[in-house]
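Worksheet: one structure, shown below.
The values are calculated or read from the model by the stated rules, or taken from the named source; none is laboratory data. Remember, predicted model here, so these are calculated numbers, not experimental data. Positions of Cβ are backbone-derived with ideal geometry, glycine not excepted, and every protein chain shown enters the neighbour counts. We work out accessible area using only protein heavy atoms, side chains counted, and drop any ligands, DNA or RNA first. Shrake-Rupley method; radii C 1.70, N 1.55, O 1.52, S 1.80 Å.
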Amino acid sequence: MEKAIQVKGLQKSFKQLHVLNGVDFEVEQGSVFALLGSNGAGKTTIVKILTTLLKQDGGTAVVNGFDVALKPDNVRQSISLTGQFAAVDEILTGLENLIMIAKLRHLKNPGVVTDNLLKRFGLTDAADRRVSTYSGGMHRRLDIAMSLVGTPELIFLDEPTNGLDPEARIEVWKIVKELADSGTTVFLTTQYLEEAEQLADQIAILHKGRIIANGTLAELKKLIPPAKVEYVEKQPTLEEIFLAVIGKKEEK
Amino acid sequence: METVKKHFFSDMSVMLGRSMRHIFRSVDTIITVTIMPIGFMLLFVYVFGGAIQSGTDNYVNYLLPGILLIAIASGISYTAYRLFMDMQGGIFERFHSMPITRSTILWGHVLTSLISNGISVAVIILVALIMGFRSPAGLLAWFAVAGILALFTLALTWIAAIAGLSAKTVDGVSAFSYPIIFLAFISSAFVPTESMPPAVRAFAENQPVTAIVDAIRALLSDQPVGNDIWIALAWCIGITIVAYIFAMRAYKKRV
Ligand SMILES: Nc1ncnc2c1ncn2[C@@H]1O[C@H](COP(=O)(O)OP(=O)(O)OP(=O)(O)O)[C@@H](O)[C@H]1O
Ligand SMILES: [Mg+2]
């Protein structure tokens, strides 16, 4: 299978602070990859490097076959970013925001594309309202809709459900699942272990600048000491895996 | 790379359209920008005007060039503000992660600044006409005035860009325009420099605002402009180049 993302020995420091100390991982094309980590782990830093917003200090990152440091223009052609903080224009209406992105992506018929997206994200009624009047959930939906304009092959979602209520969170999950079904590669970061469990084909845990665990949910579950599994009747949650793995590392 | 370059004009028009919408949806910014200079004009003409020896019989005529420069100096603080807000929000990052011509992101703001300040200048000239401003200048002279004002706006806009790109707080964003406005008071904008004490006069006669004011005043009153216009142009172009270099440096630091 083709790789959508290949990251090798990625390093990044902000002055004295070593955020990434040799990060390695690969993402299969068409899969949903979840990068898990606590606050300040460096998730956003990785997303910024992969989306050409930040230059790494060392290591290589290849996105859709293009090195992010050498061919940033080609990388930008094939990706789309929904950053951690809403990247929408508050003064424009929802429709104007979408049209703006469609024009910047040089689409032939922006009107059709944006109408479909508005419908799909339940924003048709609010299309002509200024975004500043939108609720948090609507903001996020528009934000994601803007990233889907032009159907990019690979989409980055940096904590897409951050600050949303449970209902809005489930809506976003549905969108991600639809994306995955349509064959789009999704790279998402999250602090919610349940979210990764729900959405991802492959989960990587970022801790202290390195990937300390990486695999499918089933593979990660094997990391739990077997003795514990016998005692626990229910399936272990990702939370337990996370804590178990971190605990193991710290003991060393 | 080719595909990216080819879209310069279409990207530019999207960026320009976006920030022009911002302006027309907050018309109050244009009012705020024009109200202070108009206030100065009323104050100086109707309150201080009688006491000021400007050497002309029509003080509005004398005052207008300086007032226009003050309006532009306060107008560009909104450019800095809009740029700052873009940097703060995620929209800059979205643009930067897209395959667009990056330079259009800044130039969109710069063009918008030129247009919105042009509108403010037009509004103030209208008010001045009502207050009795008259000019014998021909079309060519008016074009020259428009050109100087546009260059002045461009120079200040790049200074505003430095502020907008490097400020840490909203308050810090507009502070830079105060010294520029202050510069207008120590110039020939309100009173002839001959009336000033020697040290102040030396400063006033060698700073950009005086040269620009004198050049515009001469053009509007159909007098020979002499060297003033070249000194004014040199200042504008010089400031634009230096400010552009620093603004680009601040921009690169952020991306
Ligand atoms: N531009 C910067 N300058 C200095 N330090 C930075 C910068 N950007 C990030 N950092 C630091 O790098 C570390 C990792 O930040 P990052 O935003 O990547 O974390 P994160 O995993 O996305 O966290 P969160 O879950 O809070 O979003 C943090 O300690 C942060 O303070
Ligand atoms: Mg983050």
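Working from label points 7 Å from Cα in the Cα-to-Cβ sense, the A:Asp165 to A:Thr237 distance is 2.2 nm. Averaged per residue, chain B has 45 square angstrom of accessible surface, using a 1.4 angstrom probe with ligands and nucleic acids left out.
Please report the relative contact order for chain A, taking Cα pairs under 8 Å with a sequence separation of at least 6, and give it as a percent rounded to a whole number. Walk me through the intermediate numbers first.
On the way: 444 pairs, mean separation 62.6, N = 252.
Normalised by residue count, the contact order of chain A is 25 percent.
Ignoring ligands, DNA and RNA, please state the percent of accessible area on chain B from carbon and sulfur, probe 1.4 Å.
On the way: 8090 of 11540 Å².
Of the solvent-accessible surface of chain B, carbon and sulfur hold 70 percent.
To the nearest 10, the accessible area of A:Leu81 is 10 Å² with a 1.4 Å probe.
The packing ranking, built from the mean of other Cβ atoms within 10 Å per residue, places the peptides B:78-88, B:203-213 in the order B:78-88, B:203-213, highest first.
Within a 10 angstrom radius of each residue's Cβ in A:46-59, how many Cβ atoms of other chains show up on average? Whole number is fine. Working shown, then result.
Working: counts 0, 2, 3, 0, 1, 5, 4, 6, 2, 1, 0, 0, 0, 0.
Counting other chains' Cβ atoms within 10 Å and averaging over A:46-59 gives 2.
Remark: chain A carries 47 Å² of accessible area per residue (probe radius 1.4 Å; ligands, DNA and RNA excluded).
Overall size of the protein assembly as shown from C-alpha positions, given as principal axis extents largest first: 100, 49, 42 Å.
What quantity of accessible surface, computed with a 1.4 Å probe and excluding non-protein components, is buried in total between chains B and A, in Å² to the nearest 100? All intermediate terms of the calculation are to be shown ahead of the outcome.
Working: alone 12770 and 13000 Å², together 23350 Å².
Buried area (both sides, nearest 100 Å²): 2400 Å².
Measuring max minus min along each principal axis, the C-alpha atoms of the stretch B:2-254 give extents of 59, 37, 34 Å (largest first).
Scaled to the globular estimate 2.2 N^0.38 Å, the Cα spread of the stretch B:1-132, given as radius of gyration, is 1.37. Based on the Cβ-Cβ distance of A:Leu70 and B:Thr169, what FRET efficiency does E = 1/(1 + (r/R0)^6) give at R0 = 30 Å, to the nearest 0.05? In this case the efficiency is close to 0.25.
Pairs from the list A:Lys55/A:Lys108; A:Lys71/A:Lys208; A:Lys48/B:Lys253 with a Cα-Cα gap above 22 Å: A:Lys55/A:Lys108; A:Lys71/A:Lys208. Rounded to the nearest 500, the 222 nm mean residue ellipticity of chain A from helices alone is -11500 deg cm²/dmol, with -39,500 (n - 2.57) taken per DSSP H run of at least 4 residues. Along the Cα-to-C-beta direction of B:Val242, a point sits 7 Å from the Cα; which residues of the stretch B:138-157 have their amide N less than 17 Å from that point? Residues passing the 17 Å test: B:152-157.
Given R0 = 56 Å, the distance between the Cβ atoms of A:Lys221 and B:Ile31 translates into a calculated FRET efficiency of 0.30. One way to sum up the overall shape of the stretch A:133-223 is the equivalent ellipsoid from its Cα gyration tensor, whose semi-axes run 24, 16, 12 Å, largest first. Relative contact order of the stretch B:2-254: 27 percent, from C-alpha pairs under 8 Å at least 6 residues apart in sequence.
How long is the gain from A:Ser38 to A:Glu194 if the chain were fully straight, where each residue apart is worth 0.36 nm and the alpha carbon distance is subtracted?
Values: separation 156, 0.36 × 156 = 56.16 nm, distance 1.36 nm.
Residue separation times 0.36 nm, minus the Cα-Cα distance, leaves 54.8 nm.
Mean residue ellipticity at 222 nm, helices only, chain B: -25000 deg cm²/dmol; runs of at least 4 DSSP H residues each add -39,500 (n - 2.57), and the sum is divided by the number of residues.
Across peptide B:84-97, how many C-beta atoms of other chains are within 10 Å of each residue C-beta, on average?
Shielding by partners across B:84-97 averages 6.
Distance between Cα centroids, the stretch A:107-169 to the stretch A:15-59: provide it in whole Å. Cα centres, the stretch A:107-169 to the stretch A:15-59: 25 Å. FRET efficiency for the A:Asp24 to A:Lys208 pair, using the beta carbon distance and R₀ = 22 Å, is estimated at 0.95.
Partner chain Cβ atoms within 10 Å, averaged over the residues of A:100-113 - can you pull that number for me? Don't skip to the answer; put the middle values down first.
Working: counts 7, 5, 1, 9, 13, 4, 8, 0, 0, 0, 0, 0, 0, 0.
Mean partner-chain Cβ count within 10 Å for A:100-113: 3.
Each residue, A:Lys174 and B:Leu114, gets one label point 7 Å from its Cα in the Cβ direction; the gap between the two is 4.8 nm.
So if I take the centroid of the Cα atoms in the stretch B:217-255 and the same for the stretch A:74-97, what is the distance between those two points in Å? Value for the Cα centre distance between the two parts: 35 Å.
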